[in-house]
Amino acid sequence: MEKTDINSLYIEELTEAVTGMGLPKYRGGQIYGRLHQKLATSFSEMTELPESLRQQLSDIYEIKTAEKVSEQVSKLDGTRKYLFAMGDGSLVESVLMKYHHGNSVCISSQVGCRMGCRFCASTLDGLTRNLTASEMLGQIYSIVKLTGERVSNIVVMGTGEPMDNYDNLIRFIKHISHEKGLNISKRNITVSTCGIVPKMRAFADEGLPVTLALSLHSVTDEKRRQLMPVANSYSIEELMSACEYYFEKTGRRITFEYSLVRDVNDTDPDAEGLIRLAGRVGAHVNLIPVNPIKEREYRETAAPRVLAFKNKLEKSGINVTIRREMGRDIDGACGQLRKRTMDERGSRRGQGA
């Protein structure tokens, strides 16, 4: 019999399940706290429960974990990049970044990605499957246990398109912010999307006060279609309308993620277009010098040009930052570590190793 994924169950679902087993209601909250606050990885750790109950739970449920395969530590800034294996052997990446305001973890939402963005390593091998809510949580829980440090900020911006895994994304957010869990403020959670408009609108209707980051990367439909195939389905005008709707519903300012690609989207007309779009929805602009990957020809904009682009936006009243390049010396771009590991494994199999 296939066991139920207990870490993905809401506390209400877990409580209903244990009362259905003839147990008192408080056991649901007790077990939930053990899983999501104490980060138990086995029922045997729950010593406050009768041994018979621990065995009963073990027979019905499984606790999904993210097992560390490898870890890279940047000599430049201490950023840690993890490669985790899920129960079926699927590999995903997570990144721990340390800032003065606390630890931030960037997690993956899918195994691979089907969005096809031209400058991203995550999409090179396509989409394998969605991650469950527990597998998204597992990345954070493993990092907390490995480092012994608290995480204060979550960014769902690793491998995968979160809005393409919508139901598990919502479940994940509600777990990670639950008072009986790690209790991370929803205001400290950022969800990135390449712009799946219907899901952006649905996300606004959820009423979750998280930050929505739109991977914009171009200010014209024509150029955006060249960089991001999703732009063939949704125009920039549709994106802006969805952004306005999100702000109206949540009161949360949108962030525009804008990867600067040399001689592609870093011209003065590009800056002027970005000023118009950001001004329209009051967006914060996060400029990202693209992290080159060997499989693509795109190269980063030179530092003087990045600063000139930023200054042009600021002079027009746009709130803008340049993202700190974290982990540049450790396969820092999304999908690089996973891609390299999979290629190495494939090469060894091909050699009969």
query: Just one of the numbered conditions (1) closer than 11 Å to Gly195 by Cβ; (2) touching a Leu at 6+ places or on another chain (Cβ under 7 Å) is not true of Val230; which one?
result: (2)
- prompt: When the residues of the range 281-302 are filtered to those that are of a type outside the set (Ser, Thr, Tyr), modelled with pLDDT of 85 or more and part of a loop (DSSP other than H, G, I, E, B), which remaining residue is farthest from the chain's Cα centre (by Cα)?
  reply: Ala302
field: Leu76 vs. criteria among the hydrophobic types (A, V, I, L, M, F, W, C), closer than 19 Å to Ile154 by Cβ and under 25 Å from the mean Cα position of the chain (by Cα)
entry: no
- request: Report, by residue number, each residue of the range 223-239 that is more than 19 Å from Met157 (Cα to Cα), modelled with pLDDT of 95 or more and out of contact with any helix residue (DSSP H, G or I) (no Cβ under 6 Å at 6 or more places or on another chain).
  value: Ser233, Glu237
query: When you go through (1) closer than 18 Å to Gln72 by Cα; (2) surrounded by fewer than 24 Cβ atoms within 10 Å (Cβ to Cβ); (3) under 14 Å from the mean Cα position of the chain (by Cα) one by one for Glu93, which number turns out not to apply?
result: (2)
Residues being polar (S, T, N, Q) and within 20 Å of Leu146 (Cα to Cα) - total across the range 45-73: 3
- request: Select from the range 170-199 the residues that are hydrophobic (A, V, I, L, M, F, W, C) and over 23 Å from Tyr258 (Cα atoms) and write down the one among them that is surrounded by the most Cβ atoms within 10 Å (Cβ to Cβ).
  value: Phe172
task: Can you tell me which residue within the range 133-160, out of those that are part of a loop (DSSP other than H, G, I, E, B) and closer than 19 Å to Ile184 by Cα, is farthest from the chain's Cα centre (by Cα)?
output: Gly148
message: If I go through the range 12-34 residue by residue, how many of them are farther than 17 Å from Ile60 by Cβ and either in the same structural domain as Asp167 (by TED's automatic domain parsing) or in a helix (DSSP H, G or I) (or both)?
response: 4
query: If you check Ala202 against the conditions, is it modelled with pLDDT of 95 or more and either surrounded by 20 or more Cβ atoms within 10 Å (Cβ to Cβ) or in contact with a strand residue (DSSP E or B) (Cβ under 8 Å, 6 or more places away or on another chain) (or both)?
result: no
task: For the range 212-233, enumerate the residues that are surrounded by fewer than 20 Cβ atoms within 10 Å (Cβ to Cβ) and not in a helix (DSSP H, G or I).
output: Thr220, Ser233
Residue ID - farthest from the chain's Cα centre (by Cα), chosen from residues in the range 1-31 that are under 17 Å from Lys64 (Cα atoms) and of a type in the set (A, V, I, L, M): Met1
query: How about the range 112-131: which of its residues are among the aliphatic types (A, V, I, L, M) and either outside the structural domain of Ile173 (by TED's automatic domain parsing) or buried (at least 22 other Cβ atoms within 10 Å of the Cβ) (or both)?
result: Met115, Ala121, Leu131
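The values are calculated or read from the model by the stated rules, or taken from the named source; none is laboratory data. Since the model is a prediction, treat every value here as computed from it, not as a measurement. Note: ideal-geometry Cβ built from the backbone for every residue, glycine included; neighbour counts use all protein chains shown.
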